[in-house]
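Q: Dumping the structure here so I can ask a few things about it.
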Amino acid sequence: MLKALENISAHYANPTRFMALAAKLHAPLWGLVALCLAYGLYRVAYVPDDYQQGATVKIMFVHVPAAWMALFGYSFIFFASITALVFRHPLGHVAARAAAPVGAVFTLIALITGSLWGQPMWGTWWVWDARLTSVLVLFFIYLGYIALWQAIDEPTRAARAASILAIVGFINVPIVKFSVDWWNTLHQPASVSRLARPALHADFLYPLLIMGAGFLLLFLALTLTRMQMEILRQKLRRRS
Amino acid sequence: MYDTYIYLSYAATFVPLAVLIGVSFRQLSEARRLAQLLAEAA
């Protein structure tokens, strides 16, 4: 299994081969994104009101998947940076840089939709509890990572500095995830990740998982599109 | 009663995503155009 992954990784280390694969995947992936999100939104439209949250439970179907993608996006950048820095994979930096704006937008969405849910449910737009604050810190790390790439003109130095920031900043990911367990927070603990017995009724769980799959596909499609753009830009920089 | 919050949440989700999709496709087509121009010039 590991050997097969290693072979695939080595095969697509060649940007030309990767571009050929990306061109094949582009249209089907975006088609899947549209189908999955359309079906997810259709299911969300028929979700019943929650006995405590009322109709505001519908906000959860964008807030929770956006928060998942905020963490997934940063983990993706972390592993891509490790791949680039330790294993010298030529596409590691490309993948990490391409995913950063995507992850940052999902983090911003999680923050705004959380605030829009908090006002009617908690009676406040914002509290400085551990979960909310650590997600805000994650958003600033994303911004710092993007800014660092742009601040250094020499691409090799920029890539190295950004990768180090991405690896150091990963410490915040487990803090976000476990903040609701480690500290007393207003934010509720995990409801879905308890795989044995999720705290959600099937009426809420399945539409949430479909929206989660749609957001994951969207993350991958956007990252793939931006990777193609980054590879072309690299080629242009080398030739000019 | 909560409709405004729900509509605002969906707008706050899909408007930034639509902008990001639009910007990413525009940047990709611009990079493709420049790469093609450079290839033709070479």
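FYI, it's all coordinate maths here, none of it is from the lab. Not measured: the values here are computed from a predicted model. Methodologically, a virtual Cβ is constructed for each residue, glycine included, from the backbone with ideal geometry; neighbour enumeration extends over all protein chains shown.
Q: Based on the alpha-carbon set only, what is the convex hull volume of the protein assembly as shown divided per residue, in Å³?
A: Details: hull volume 41.3 nm³, N = 282.
Cα convex hull per residue, to the nearest whole number: 146 Å³.
Q: For peptide B:16-23, what's the mean number of Cβ atoms from other chains within 10 Å of each residue's Cβ?
A: Values: counts 7, 10, 0, 1, 9, 8, 0, 2.
For peptide B:16-23, the averaged partner shielding equals 5.
Q: Using only alpha carbon pairs under 8 Å that are at least six residues apart, calculate the relative contact order of chain A and give it in whole percent. Could the numbers behind the result be given before it?
A: Numbers: 249 pairs, mean separation 73.4, N = 240.
Relative contact order comes out at 31 percent.
Q: Measure nothing but the geometry: give the 0 to 90° angle between the long axis through the Cα atoms of A:15-45 and the longest principal axis through the Cα atoms of chain A, rounded to 10°.
A: The two axes meet at around 10 degrees.
Q: What's the angle, to the nearest 10 degrees (0 to 90), between helix A:92-122's Cα axis and the longest principal axis of chain A?
A: Helix A:92-122 sits at roughly 10 degrees to that axis.
Q: Just tell me which lysines come within less than 24 Å, Cα to Cα, of A:Lys177; anything on the same chain fewer than 8 places away is out.
A: A:Lys58
Q: Taking the mean number of other Cβ atoms within 10 Å as a proxy for protection, how do you rank A:90-102, A:135-147, A:108-120, A:44-56 from highest to lowest? If you can, show how the numbers build up before the last one.
A: Values: A:90-102: 23.7, A:135-147: 18.4, A:108-120: 21.5, A:44-56: 13.3.
Descending packing order for the listed peptides: A:90-102, A:108-120, A:135-147, A:44-56.
Q: Another question, if that's okay. For A:Lys3, give me every one of the lysines with a C-alpha distance below 29 angstrom, ignoring sequence neighbours fewer than eight places off in its own chain.
A: The reachable lysines, counting only those whose Cα sits under 29 Å from A:Lys3, are A:Lys24.
Q: Mind listing the Cα extents of region A:61-100 along all three principal axes, in Å, largest one first?
A: 38, 14, 8
Q: Which angle between 0 and 90 degrees, to the nearest 10, do you get for helix B:3-41 versus the longest principal axis of chain B when only C-alpha atoms count?
A: Roughly 0 degrees, rounded to the nearest 10.
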